[in-house]
Amino acid sequence: MCAWSHPTLLAFCGFYVSKADTRLFNKASQVVLVRSDDRTVLTMANDFKGDLKEFAVVVPVPTVLQRGQIHVGNKALIDHLDAYSAPRLVEYFDENPCARPLYELSRAATPAAMRADAALERNAAKSLGVTIEAQYTVGEYDILILSAQQSSGLEIWLRDNGYRIPAGASSVLSSYIKQNLKFFVAKVNLKEQAKLGFSMLRPIQVAYESPKFMLPIRLGTVNADGTQELFIYALTQRGRVEATNYRTVKLPTGMDLPLYVKDRFPDFYRAMFSQQVKKENMSTIFTEYAWDTSWCDPCAADPLSTEELQQLGVFWLNPSSDPTPARANQTRLPVALQPRPQNVFLTRLHVRYDGAHFPEDLVFQETADRTNFQGRYVLRHAWNGTDTCAAAARYRVELTQRRELEAQNLALLTGWSVTDIRSAMKIASPPATPTPATWWQRIWRD
Amino acid sequence: MKPDPRHYQIAVLAALLAYGLTRLDFEVTRVQAVAMLTTALLTQYLCTRGFLATSAFDPRSALISGLSLCLLLRTNSLELAIVAAVVTVGSKFVIRIGGKHLFNPTNFGIVVMLITGHAWVSPGQWGNVAFFALLMACLGGLVVTRAARSDVTLSFLAFYMGLVFGRSLWLGEPMSIPSHRLQSGALLLFSFFMISDPRTTPDSRPGRILFALLVACGAWYVQFRLFRTNGLLWSLAACSLTVPLINRLLPGRRYEWSRPGIGSLVPTEVAYETTGSDRRSSRGVRVVASHAPGLLRFLRIQG
């Protein structure tokens, strides 16, 4: 039992870690939110690589969950969702101007992680006003559903049971208790974990029915060291998901970029995202992808199959209607050949947050917007032929201008120095625009 | 003569729309905005000069409705945007009780569109800059136009802020949470341009304050008890149904754009006539109940 004596309590959607455990600090969380009517299936993933007995996760949930409402999922599904929806690069090759585009793609960097997990012991909790509503072992996790009357009681109970609660958490717990939320607390059951033989923690999934369409992030910001990163994959029937209490904007997309970005795409993506966060004063949620999941154009990865979507919790799908997934590297299919819509719309949201800029939990709404959107960046390869027609001469002049525009685009998107970009592109700075003569200079020209 | 507050409102809304389209990524296309504005004006024209021919064509209210629709309503369908504008302005001429329209047109149009499921409102799409600029413009508007019916706006804001702050205090939340919730451009638009509509709010000041309280409680309930979005809009639409009753219990002089006034309480028995667009539909004379309950009498004295 002493093995469980000091788990660090991690709050869902960010997490706080005690000072001793900063080595465990993972800055990114991934969440899949499946939602239709008032039904929600929430999948929480993490890539925690530390000592498994060292952490625990607490998630405020609207209802007491029964055993059947909790499931342990497959991380590969979230990786697939990530790859499918990540910002992408597209390449075009200029054709001979004297006498145009096919494209291939590479895909973006994928985000990272989250943490999950928890630990507790059943104690005489009644005196503290804490009720253990239920406890289960699901997969490699020991799970408790707690309700409490007082945050102080809950805090004492958690501390007594070996959880480190950061200063400041009490008031947040208190407000959740008053809203009649329950607490889902999970830790790793080492025996089960060893028996199952998984090297990484698998995502925890919970299904519940509640009008609340939100993600609790406040616990995670209480004691956080710096900002945190959160990726939300919302799967819905009607259309795009957006926040109702924060601005939701689309990432800049469709720009032409210098060719060398191909080898530095993850760097570009990180820098570009940071720059956009800065531009919006870190108070905005970004839409990175919004698409019907039955197809993609271009595809950064195959669309998810009906089975995969069902495993992620999409409960309205009919298993017999599995459409043929589109293949990667495809170009747009003729409409007749496009797979039937699965009636699942994916919105990928990305937010960098801290307590100062995101004081309240994220609240969402599903809109009727089915407009497709993707973060897509374009590389255009020049035509290097030697033809000498008039069109070729014109093309070469335009090419120089285009290269400069690409450098400017990249500088604008990422905040990188345009001089550095030019030198990486091996292009010269454009000649300085001559200052127009002043009116008096135009009078006396001698 | 005092300036017509609608001119100021049109200027503020138009500037806000231009800013929203260019800087805030409002999910409304220029084509959609032009279509909604044109349709709103055209509907107003047809209803006043065309087949109804009731009165002179006055584009100002329709323009305000159209601009508000552009700022709040989102849909993928151009056809639906046009229908929304027709429903919005048309509702003024169709849904009337006692010679005046019942619903704030924009509110009605948006709620109907929300029910269709093909339109939505994005209450979070306002940056801080837009919020504070709009706040200044709205408060400035109160001063510049000395709007006769600012009482409903101010009392609504006071009640709603009280409820939002009160809930947070009860929950022990930091005050940054209710402050953040109230920093919504949609809330300002609602408070200064929708609920304040002098033609659809109760006629007397006590009536309007009671109305503001009802709308604030309803909005809070939808938002924080039912956990649904657009509580303000649903609540205003529902509470508008109580206006005839409030006017009966707490009567006042009906508002006319040409004769702005706070709608001081009328004697227990009063006859008044309507002008302008109400000429045709009004019965002209209305008698108010002569024996109001004690509480209402008290409220009248306060008003």
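Evaluated over the Cα positions of region A:139-222, the convex hull gives a direction-averaged projected area, one quarter of its surface, of 6.5 nm². Residues whose amide H comes within less than 5 Å of that of A:Arg247, counting only those at least five positions distant or on another chain, are A:Ile285 (H built at 1.01 Å from N in the peptide plane).
Take each residue of peptide B:119-127, count the partner chain Cβ atoms within 10 Å of its Cβ, and average: the result is 6.
The ranking of B:Ile97, A:Ile204 by Cβ neighbour count inside 10 Å, starting from the fewest, reads B:Ile97, A:Ile204. Taken one residue at a time, the phi angles of region B:151-165 give Karplus couplings (6.51, -1.76, 1.60, θ = phi - 60°) of 4, 5, 5, 5, 5, 4, 4, 5, 5, 5, 4, x, 5, 5, 5 Hz. Gly and Pro are set to x.
Just the number: Rg to Rh for region B:9-133, Cα atoms, Kirkwood Rh, two decimals. Rounded to two decimals, Rg over Rh is 0.98.
Phi-derived couplings, Karplus 6.51 cos²θ - 1.76 cosθ + 1.60 at θ = phi - 60°, listed residue by residue for region B:19-34: 5, x, 5, 8, 10, 10, 6, 4, 7, 9, 7, 4, 4, 4, 4, 5 Hz, with x used for Gly and Pro. With a threshold of 25 Å on the Cα-Cα distance, the over-threshold entries among A:Lys262/A:Lys426; A:Lys53/A:Lys178; A:Lys53/A:Lys278 are A:Lys53/A:Lys178; A:Lys53/A:Lys278. Fully extending the segment from A:Gln179 to A:Trp444, taken as 0.36 nm per residue of separation minus the present Cα-Cα distance, adds 87.4 nm.
A simple packing score, the average count of other Cβ atoms within 10 Å per residue, orders the peptides A:416-426, A:152-162, B:85-95 as B:85-95, A:152-162, A:416-426, with the highest score first.
In sequence order, region A:283-294 has phi-based couplings of 10, 10, 9, 9, 8, 9, 7, 8, 7, 5, 6, 7 Hz under the Karplus curve 6.51 cos²θ - 1.76 cosθ + 1.60, θ = phi - 60°, and Gly or Pro positions carry x.
Would you mind giving the mean number of other chain beta-carbons within 10 Å of the Cβ of each residue in B:167-179, as a whole number?
Values: counts 3, 2, 0, 2, 8, 9, 9, 8, 1, 5, 6, 2, 2.
Rounded to a whole number, the mean comes out at 4.
With a 10 Å cut-off around each Cβ of A:404-416, the average count of Cβ atoms from other chains is 0. Listed peptides B:15-21, B:202-208 appear in the order B:202-208, B:15-21 once ranked by packing, highest mean of other Cβ atoms within 10 Å at the front.
Read-outs: derived from the displayed coordinates by stated rules, not from any lab. Computed from a predicted structure; not experimentally measured. Methodologically, a virtual Cβ is constructed for each residue, glycine included, from the backbone with ideal geometry; neighbour enumeration extends over all protein chains shown.
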